[in-house]
Structures are given as structure tokens and as C-alpha cells.
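Everything below concerns the one structure shown next.
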Amino acid sequence: MSTPAFDARPLTDPVDGATARAYRKQLLASGRAPKTAGWAAGCLVVGVVGVFGLIVVNLIFRLVFAPFFEGSPPNAAGSIGIILVVALIAVGVTALIVRAYRNGGVRWYRLDHFARANGMTWFPQASDPPLPGMIFSLGSSRTATDILRGEQPRVVEFGNYRYTTGSGKNRTTHRWGYVAIRLGAPLPHIVLDAEGNNTFLGTNLPQTFDRHQRLSLEGDFDRYFSLYCPQGYERDALYLFTPDIMARFIDNAAQLDVEIVDDWLFLYGKRDFSTLDPRTWGWLFSVVGALMDKLAQWERWRDDRLAMPAAGAPASAPLAAAAGALPFAPPVEALRPPPGVAPGGRRLKTAVPWATILIGGAIAVGWIALQSGVLDAIFSR
């Protein structure tokens, strides 16, 4: 399938600095952009200037005044040279911070106008986005940035996402790019773990799933994805992943992890998706375009478990008999279960990644042994 036509010119067209600064001020004044961005940059500049200022004062005292107290004249040329070098470093770092802050306005300007040119809306940031995907419920400081959202023919959202785990020296920031596509009906929880982006330690996804939920599909699909679906929903997964849909995923999304949960389809990658690179947008638009016309087929799926009477519920045979005697037939849709998923299919069962833990533990033990000289003692015998 060819890449959908889109207007990438706003991503690369020249932007006047004054225009970008005025645009940034407008965003901050309107409340669309977080004011903390300006405060953070200002605090960073003040901090850098303060730290280097203290260093310069300390150097002036040690190189210029301290020798007088020690009875030896200072080396004026050397002292001034060192102070100038430190001062120049301070000025350079401050200039880089200011430039990065101004370039942030240019980036916002480009993404906003790119979104408008392609029928979307741009949002600079959203804290703790209310999305049901696996990456959106982990850690703290959960923030989506540079969000582009389209509403027609269905909601599609592109964005970058960050969250942190751990604390202190063990604090880690996890970075993802995501595409969120709104479906017309809830579907069973299904995960496609792309084989192409995994490592020898296993999946790159933040969650590991019970291996008994893995379903093998026909053809070459298992070479590209490991598919997980709730136990008891294997036939439903086969209905959803017909050969033509499997081919779409292999041809267009083989490097992306996929999650279907509730009435959302998510595509994940461990890189920024919302960028100023036209090639990245061309790739993402082609992936979404390849899947879009197949989603209507998924939305016809119904969970037959929702039509089953609950345990202990009275039988409805008399009502069915009466309905059969009516002089008209009820529409087929009225006989189908309503849109939705029974509780057993709404979430996959997670598992502990024992293989990753054991391999990581073995590496840690080996490193400690190497540092302590245990291995040298063993091999020297």
C-alpha cells in the first residue's frame, strides 16, 4: 500500500526566530503550553550562572589574593587565563540553554502547523494520560508530549511518552513513542510482541505474559510476532487475525509492538514518534493507513459469552418459544450479543520474567566476582 499523501512542508519550512518567540508567548499566555517549561529553563540558567559564578569567585580568591597571604606574588597572566576560561565555559553553557529553549518554540511552531495542515490538532503535553495501554499505568511522572490527534474517520493519536521507575541512583526514565487508534467496539486483550525488537534477554515490553496464553498462527506470522490472547479466546483471535490482516501487520508494523485493549489499538516503539522528521511521519501514516480499512472487520466481532445466561439465572425457553410464534422475525443484529468483552477476556495474565531475572543475576554475580578478584584466584591455581 502506498504512503498516504500528507503535507510535510511545515516540518522543514524556514521559521523566523521572532515568529517562533511570539508564538511561544501566545501559547504560554493561552494556557495551551505548560509554563513550567519557561520556569525550568530560567531556573537552569540561574543555576548554571550561580554555580560558575561561585567557581570564578573561588578562583579569584585562590589565584589572585591567596598568594599574598602566603608571601609569594601571584602569576597574574595564568590566574587571569584560568578565570577567563571558566567564565567562557559558563557563558557557552548558558547560551546553549537559551538556544535550546528558543528552539523549543520553533519545534512547537512546526508541529502545530504540521498538525493543522494535515487535519489534526497538536497538544504540547498531557500528564498521566487516561489511556488503557500497558505503558500508561507504570511508574511515576507519566507524561505524554508533542501529541498530534486526528478525529476523522476515527480518533488516531500520535505522541511521545515518558515515565520513571525506581528512585535515587536506581531511577530510570523509560521513553516510548506510541500511536493510539480508537476502535468502534471493545475487543479481547491481545498483545503482539514484535520479535524484531527483542533482545537475548527476551521481550522489550514492560510486561511479560503467561506463556500459556501464547497462540501460534499459520504461515510466517510467528517469525515476526508472538501473539498473546486470554485463554478461551483462541477462536476469537483467529477470527480477528485473518491471513490478510496478518499480512498487513507483517508488511507494515513488523518492528512495532501492538496491544489491543478495551476499544483501543496501540502501536509502541522505543523511540520518539512525534518528531520533525518527515520520513518518520511518512512511515507512521503508512502503518495507520494500512490498518485503517481492516478495523471495520474487527468491529463486527461479538463476544458470545455475553449472550450466555449467568449461572443460576432462569431459563428463557418460554420467551424464546413465544418469540418464535410471532408473525415477524427479529432483526439478526438483535439476536447478537451487545458490544463488549466478558471479564475473562478483558486482561491478559502477566508473568514474572524469570529468564531475564536469572540472566541479569548471573551477570551481576560475575561482575562482583570479577571485581573482588575471586575469578583471578580460581584461574591462578
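Any read-out appearing in this document is the output of simple, stated calculations on the displayed coordinates, not a laboratory observation. Please read all numbers here as calculations on a predicted model, not as lab measurements. FYI the Cβ positions are ideal-geometry reconstructions off the backbone, even for glycines, and counts take in every protein chain you see.
The calculated FRET efficiency for the pair Asp7 and Lys270, based on their C-beta separation and a Förster distance of 25 Å, comes to about 0.35.
Basic side chains Lys and Arg get +1 at the Cβ, acidic Asp and Glu get -1 at the Cβ, and with that the dipole of segment 166-245 about its Cα centre reaches some 600 debye.
Extending 7 Å from the Cα toward the beta-carbon at both Ala307 and Arg211 defines two label points whose distance is 3.7 nm. Candidates Ile260, Pro243, Trp281 compared by Cα position along the dipole of segment 211-304: farthest toward the positive end lies Trp281, with charges placed on Cβ. Extension gain for the segment Gln231 to Gln26, taken as residue separation times 0.36 nm less the Cα-Cα distance, is 68.6 nm to one decimal. Once divided by 2.2 N^0.38 Å, the Cα radius of gyration of segment 247-302 becomes 1.22. For segment 159-297, the percent of C-alpha pairs falling in each 10 Å distance bin, counted from 0 to the bin holding the largest distance, reads 11, 40, 36, 12, 2. Straight Cα distances below 17 angstrom link Lys25 to the aspartates and glutamates Asp16, Asp112, with same-chain residues fewer than 8 positions distant left out.
Would you please give the FRET efficiency between Thr121 and Phe200, computed as 1/(1 + (r/R0)^6) with r the Cβ-Cβ distance and R0 = 41 Å, to the nearest 0.05? Result of the calculation: an efficiency of 0.50. Globularity index of segment 203-254 is 1.14 (Cα radius of gyration / 2.2 N^0.38 Å, N = number of residues).
With the convex hull of the Cα atoms taken as the outline of segment 104-180, the averaged projected area works out to 5.7 nm².
Between Ala351 and Ala247, the FRET efficiency from the beta-carbon distance, with R0 = 41 Å, is close to 0.90.
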